[in-house]
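Everything on this sheet refers to the single structure shown next.
The values are calculated or read from the model by the stated rules, or taken from the named source; none is laboratory data. Model, not experiment: these values are computed from the prediction. Counting neighbours? That spans all protein chains shown, and the Cβs are built from the backbone with ideal geometry, glycine included.
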Amino acid sequence: MPATKDQIPVFLLTGFLGAGKTTLLNRMMQDPALQDSALVINEFGLVPVDHDLVRKGDERPMVTTTGCICCTAGSDLRSSLDQLLQGRRDGSLPPFSRVIVETTGLADPAPIINSLIPGGMTAVSLRDHAVARAFRLSSVITVVDVEGIEAALAAHPESLRQIAFADHAVLTRTDLRPAGDWPDRLRAMNPALRIHDATDPGFDLAALLTPGSYSAFGKGGDVAAWLAAESEVEACDHVHDPNRHGNIQAIPITCDQPLEEDALRRFLSVLTAQPGSGLLRIKGLVPLADDPAAPAVVHAVQHRLYPFTRLDGWPGGIAEGRLIFIGSGLDEVALRRQFGIMTGKPLSLPSFTAFRPG
């Protein structure tokens, strides 16, 4: 089905773990020109965090999915878009003129793109046909951390595909490390790539979200072949563990009591300082003893532990302390034991608990 001007444009936001996708998305949501955007937030693992870190506003339509949508693209993404479509039609959601889909850092764009473009993944239900008529993929945006992309490309083929399929690459952390020859290296992977610097004062966020129709033309020979290969694979061919992607797993730890900030910082510092641990990412929201009603946002990317920031309150009004550890070859038993020592309360199986501050 050819794209029409009446279709709602969909923009795919990708980038490897910790590249800065949510930070970029928050900047977009603060731009008055982009206020009429709906969001689909895809999270790796069954215990979600990212959706609570997006400053979406009270009225912005948003759907959260767990598990990697590149493994369940035909069901999860189309289902999410259908929810937005139904809410738009029946008035339960406010109007929106575009959809931004933030993928997990491990997502392969090929099956996701195939679920949104004409001639891609087969529509197998009335819902799929309705989504195909209502939405079109406009462009793919990938976030590239100039500090971490070298290691990501060496070890994780998803990071190469995220660059190869993209229309736009947004460079991050160039304030900490110059971009150097990365613009030329990225264009060698994808000649059609338009490159932006997130720290440039003239960076135009709206330029990333120009309506159009996605095309693999000019992106290199492998892209069209990858799409053709993916179109022959049905999304439901295997049962997918939402806490695992290949050899990479997500380990959630939840907490129902406030933590001492110094103890938590020491615990995280030890984890991120261990060479060869396989740890790729830590993220979470946790209550701290000095002010449990203002959760601390925890971020770490491999060996880099970032300073804690605080939110004004718990998203949704219910405090749900949780940390997500993402990596390969992680020792879950040892991790939980160390966390239990830090809190003074042994942990066993994952449990999702909540407390109300005050």
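Among the residues of segment 195-215, those that are among the aliphatic types (A, V, I, L, M) and surrounded by 15 or more Cβ atoms within 10 Å (Cβ to Cβ) comprise Ile195, Ala198, Leu205, Leu208, Leu209.
Can you find even one residue in segment 54-68 that is in a loop (DSSP other than H, G, I, E, B), at pLDDT 85 or above and out of contact with any Asp or Glu (no Cβ under 6 Å at 6 or more places or on another chain)? Looking for residues that are in a loop (DSSP other than H, G, I, E, B), at pLDDT 85 or above and out of contact with any Asp or Glu (no Cβ under 6 Å at 6 or more places or on another chain), one finds none in segment 54-68, hence no.
When the residues of segment 160-174 are filtered to those that are of a type outside the set (A, V, I, L, M, F, W, C) and out of contact with any Asp or Glu (no Cβ under 6 Å at 6 or more places or on another chain), which remaining residue is nearest to Glu147 (Cα to Cα)? Restricting to residues being of a type outside the set (A, V, I, L, M, F, W, C) and out of contact with any Asp or Glu (no Cβ under 6 Å at 6 or more places or on another chain), the top hit is Gln162. In a residue-by-residue description of segment 136-150, the property of being modelled with pLDDT of 85 or more, buried (at least 23 other Cβ atoms within 10 Å of the Cβ), among the acidic types (Asp, Glu) and not assigned by TED's automatic domain parsing to the domain that holds Trp314 applies to at least one position. Of the residues examined, Pro109 is one that is touching a Phe, Trp or Tyr at 6+ places or on another chain (Cβ under 9 Å) and in the same structural domain as Pro32 (by TED's automatic domain parsing).
Within segment 251-293, the only residue that satisfies the criterion of being among the acidic types (Asp, Glu) and under 26 Å from the mean Cα position of the chain (by Cα) is Asp256. Summed over segment 307-343, residues that are assigned to a helix (DSSP H, G or I), touching a Phe, Trp or Tyr at 6+ places or on another chain (Cβ under 9 Å), modelled with pLDDT of 85 or more and not acidic (Asp, Glu) total 4. Whenever a residue of segment 205-227 is at negative phi and assigned to a helix (DSSP H, G or I), its partners that are aliphatic (A, V, I, L, M) and surrounded by fewer than 17 Cβ atoms within 10 Å (Cβ to Cβ), lying with C-beta atoms within less than 7 angstrom and at least six residues away or across chains, give the pairs Ala206/Ala33. Under the condition of being out of contact with any Lys or Arg (no Cβ under 8 Å at 6 or more places or on another chain) and either part of a helix (DSSP H, G or I) or crowded, with 16+ Cβ neighbours inside 10 Å (or both), the residues counted in segment 254-274 number 14.
When each of Leu153, Leu205 is tested for being out of contact with any strand residue (DSSP E or B) (no Cβ under 8 Å at 6 or more places or on another chain) and under 27 Å from Ala225 (Cβ atoms), the lone residue that passes is Leu153. The residues in segment 214-261 that are modelled with pLDDT of 85 or more and under 18 Å from Leu77 (Cα atoms) can be counted, and the count is 1. For segment 129-176, the set of residues classified as part of a strand (DSSP E or B) and more than 16 Å from Gly20 (Cα to Cα) consists of Phe135, Arg136, Leu137, Ser138, Ser139, listed by residue number. Just one of the listed residues (Ser80, Ser92) is part of a helix (DSSP H, G or I) and free of Cβ contacts under 8 Å to residues at least 60 places away in the same chain, and it is Ser80. Exactly one residue out of Pro307, Pro287, Pro295, Pro315 is exposed (fewer than 15 other Cβ atoms within 10 Å of the Cβ) and of a type outside the set (Val, Ile, Thr): that is Pro307. Which residue is modelled with the highest pLDDT, if the candidates are limited to segment 275-300 and must be of a type in the set (A, V, I, L, M) and out of contact with any Leu (no Cβ under 7 Å at 6 or more places or on another chain)? Result: Ala293. Taken over segment 135-167, the criterion of being within 20 Å of Pro111 (Cβ to Cβ), touching a Leu at 6+ places or on another chain (Cβ under 7 Å) and of a type outside the set (D, E, K, R) is satisfied by Phe135, Leu137, Val140, Ile141, Val143, Ser159, Leu160, Ile163, Ala166.
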